[in-house]
Amino acid sequence: QVQLVESGGGLVQAGGSLRLSCAASGRTLSSVHMGWFRQAPGKEREFAAAISRGTITTYYADSVKGRFTISRDNAKNSVYLQMNNLKPEDTAVYYCAAGLVMSTSTRSYNYWGQGTQVTVSS
């Protein structure tokens, strides 16, 4: 079992930055791939970024590429999402997820956090 807790969300103006954190307990994160997903009101949960368990590979949705950076600190059992140049369309609840397959699909991730709200004002 893996318990994931996100933090770092908030209200920011367009063009601003936020750094989301995801702290894990119950299992070492070094053994799993990690992803960040987001869900806007009335929309399906969508992929944002993923990082392999060896920190060798990262992957981003086209909508966030060049603005978001995913990273992990296995010693702290944590994963991060640095979000720069935020846009109003980035407004969503952001979730971190852990799984044994690195994928852009929600179905590939077995464990999920409760989410943290990010709101970007124009």
Find the residue count for the stretch 85-114, including only residues that are surrounded by 18 or more Cβ atoms within 10 Å (Cβ to Cβ) and either in a loop (DSSP other than H, G, I, E, B) or not hydroxyl-bearing (Ser, Thr, Tyr) (or both).
-> 13
Report yes if some residue within the stretch 55-67 is of a type in the set (Lys, Arg), more than 15 Å from GLU89 (Cβ to Cβ) and open to solvent by 60 Å² or more (accessible area, probe 1.4 Å); otherwise report no.
-> no
Pairs, please: C-beta under 8 Å, at least 6 apart or cross-chain, first residue more than 11 Å from ARG72 (Cα to Cα) and in the stretch 13-37, second in a helix (DSSP H, G or I)?
-> ALA14/PRO88; THR28/ASN74; PHE37/THR106
Which of the residues belonging to the stretch 8-33 are open to solvent by 50 Å² or more (accessible area, probe 1.4 Å), out of contact with any helix residue (DSSP H, G or I) (no Cβ under 9 Å at 6 or more places or on another chain) and over 19 Å from SER121 (Cα atoms)?
-> SER25, GLY26, ARG27
Identify, by number, the condition in (1) assigned to a strand (DSSP E or B); (2) closer than 21 Å to LEU100 by Cβ that GLN82 doesn't meet.
-> (2)
Looking only at residues in the stretch 38-72 that are aromatic (Phe, Trp, Tyr) and without any contact (Cβ under 8 Å) to a residue 40 or more places away in the chain, which one is nearest to GLY115 (Cα to Cα)?
-> PHE68
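The values are calculated or read from the model by the stated rules, or taken from the named source; none is laboratory data. Because the structure is predicted, anything quoted here is derived from the model rather than measured. Positions of Cβ are generated from backbone atoms using ideal geometry, with glycine treated the same way; all protein chains shown enter the neighbour counts. Each accessible area value is taken on the protein alone, full model and side chains, heavy atoms only, with ligands, DNA and RNA left out. Shrake-Rupley method; radii C 1.70, N 1.55, O 1.52, S 1.80 Å.
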